[in-house]
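Only one structure is covered here, and it is reproduced in the block below.
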Amino acid sequence: DQQVKQNSPSLSVQEGRISILNCDYTNSMFDYFLWYKKYPAEGPTFLISISSIKDKNEDGRFTVFLNKSAKHLSLHIVPSQPGDSAVYFCAASEASGSRLTFGEGTQLTVNP
Amino acid sequence: GAGVSQSPSNKVTEKGKDVELRCDPISGHTALYWYRQRLGQGLEFLIYFQGNSAPDKSGLPSDRFSAERTGESVSTLTIQRTQQEDSAVYLCASSLMTGELFFGEGSRLTVL
């Protein structure tokens with residue numbers, strides 16, 4: 001039972017353009033959502049989060065959008081840079097500090 | 001150290017042998033998680049420790065897997081009678097009650 005799904009295993013964009021990574025979830029009890037970035041041979045690192053009381057959270061080039069009615073969230077990176085090339089994981093929990101459920105990840109490649 | 005430390009970083013073992021993987025979380029972090037990532041797949045939850053509460057073991061794939069945590073410090077993940085399908089990167093993470101997990105670099109297990 002995959003409660004968090006990232007349907008695109010990979011995404012390729014040109015440097016300077018916008019990258020949009022999508023994530024869908026099925027558990028209506030999820031109310032805290034996070035994005036993690038993972039480089040090869042390293043552990044995932046926290047990128048940005050959003051709680052269910054908000055529909056948008058912005059941090060520099062990174063913005064996360066949450067659509068609760070559609071059970072969908074997305075990560076926008078603009079402008080994309082080659083250093084953003086990594087695997088991006090969407091994660092969700094029923095409360096801040098509780099167990100995180102991760103999606104399968106999306107490999108983002110930003111081409112110079 | 002400042003981050004989550006895992007050892008060994010790499011482990012090659014023969015099918016049927018037992019292995020132990022160690023995690024030193026960030027000092028003061030009450031929560032500790034074990035995840036694994038098999039080749040080409042997402043992060044799979046294994047077990048979650050939170051303070052003195054009973055651990056959430058719901059992600060352990062079989063009774064060959066067990067984990068312990070000493071207070072709010074070191075955790076050991078033990079896999080008995082390893083099988084080839086156990087080959088994966090085993091990731092440990094710790095957190096405060098904020099939902100943001102800090103991951104170690106992982107222990108890559110290869111079962112021949």
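The values are calculated or read from the model by the stated rules, or taken from the named source; none is laboratory data. This structure is a prediction, so every number in the text was calculated from the model and none was measured. Cβ placement follows ideal geometry from the backbone for every residue including glycine, while neighbour counts extend to all protein chains displayed. To get the accessible areas, we keep the full protein, side chains included, count just its heavy atoms, and leave off ligands, DNA and RNA. Shrake-Rupley method; radii C 1.70, N 1.55, O 1.52, S 1.80 Å.
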Collect the residues in the range B:87-112 that are away from every other protein chain (no Cβ under 14 Å) and without any contact (Cβ under 8 Å) to a residue 60 or more places away in the chain, keeping them in residue-number order. B:87
Number of positions in the range B:76-101 that are within 16 Å of residue B:8 (Cα to Cα), not acidic (Asp, Glu) and not in a loop (DSSP other than H, G, I, E, B): 10
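Mind checking which strands (runs of 3 or more DSSP E) fall wholly inside the range B:1-75 and carry at least 1 residues that are under 19 Å from residue A:93 (Cβ atoms)?
On the way: elements: B:5-7, B:10-13, B:19-24, B:31-37, B:43-50, B:65-69.
Answer list for the range B:1-75: B:31-37, B:43-50.
Look through B:83, B:50 and report the one residue that is out of contact with any Phe, Trp or Tyr (no Cβ under 8 Å at 6 or more places or on another chain), within 14 Å of chain A (Cβ to nearest Cβ) and not small (Gly, Ala, Ser).
Values: B:83 fails: within 14 Å of chain A (Cβ to nearest Cβ).
Selected residue: B:50, the only one of B:83, B:50 that is out of contact with any Phe, Trp or Tyr (no Cβ under 8 Å at 6 or more places or on another chain), within 14 Å of chain A (Cβ to nearest Cβ) and not small (Gly, Ala, Ser).
Name the strands (runs of 3 or more DSSP E) wholly within chain A that hold at least 1 residues that are open to solvent by 30 Å² or more (accessible area, probe 1.4 Å), within 11 Å of chain B (Cβ to nearest Cβ) and of a type in the set (Ser, Thr, Tyr)?
Numbers: elements: A:10-14, A:19-25, A:32-38, A:45-51, A:56-59, A:62-67, A:72-77, A:86-93, A:106-111.
Correct list: A:32-38, A:45-51.
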Pair list, Cβ under 6 Å, 6 or more apart: the range A:4-24 residue within 19 Å of residue A:94 (Cα to Cα), other residue assigned to a strand (DSSP E or B) and open to solvent by 70 Å² or more (accessible area, probe 1.4 Å): A:24/A:5
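Step by step: first the residues of the range B:53-67, then only those that are within 19 Å of residue A:98 (Cβ to Cβ) and surrounded by 13 or more Cβ atoms within 10 Å (Cβ to Cβ), then the one that is nearest to the other protein chains (Cβ to nearest Cβ). Which residue is that? Give the derivation first.
Our first condition is that a residue be within 19 Å of residue A:98 (Cβ to Cβ); within the range B:53-67, this holds for B:53-60, B:67.
Okay, now just the ones that are also surrounded by 13 or more Cβ atoms within 10 Å (Cβ to Cβ), so B:55-57, B:59-60, B:67.
Details: B:55: 11, B:56: 6, B:57: 11, B:59: 9, B:60: 13, B:67: 14 Å.
The extreme case among them is B:56.
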